[in-house]
Amino acid sequence: MSRDQCDSVAVSVESLLTDAKRMQMQCRERSEQLSIAAAQLRTESAALREQCEATQLDMALIRRQLEELKDTKAAFEARERQARKLSKQL
């Protein structure tokens, strides 16, 4: 191999090493960014889970209250009917 060819190969290798170092640094930076984003997503996911659980509890309470209101309405309507019957009888 001639001197020029050796120099050319050396320059190419140095260029490749520089590119590899740059790419490695970019990968590290991107990895750090992704780790931060993953941590944020875990935090958001936990908060959303808590909100979902609270909402489910609220919905269960609302359903119970709705059933109680329906029962109260049915009892009131039954008493109304009974009062009308008694009123007619008098």
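The values are calculated or read from the model by the stated rules, or taken from the named source; none is laboratory data. In this text the structure is predicted, and so the values were computed from the model without any measurement. Using ideal geometry, Cβ is built from the backbone for each residue, glycine included, and neighbour counts are taken over all protein chains shown.
A few comments on the model shown:
- For residue 28: the one exception among (1) exposed (fewer than 10 other Cβ atoms within 10 Å of the Cβ); (2) modelled with pLDDT of 95 or more: (1)
- Subset tally (residues that are exposed (fewer than 10 other Cβ atoms within 10 Å of the Cβ) and assigned to a helix (DSSP H, G or I)) for region 1-11: 3
Yes/no matrix, rows are residues, columns are (1) part of a helix (DSSP H, G or I); (2) under 12 Å from the mean Cα position of the chain (by Cα); (3) among the β-branched types (Val, Ile, Thr):
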residue	(1), (2), (3)
13	yes, no, yes
19	yes, no, no
23	yes, no, no
34	yes, no, no
41	yes, yes, no
44	yes, yes, no
53	yes, no, no
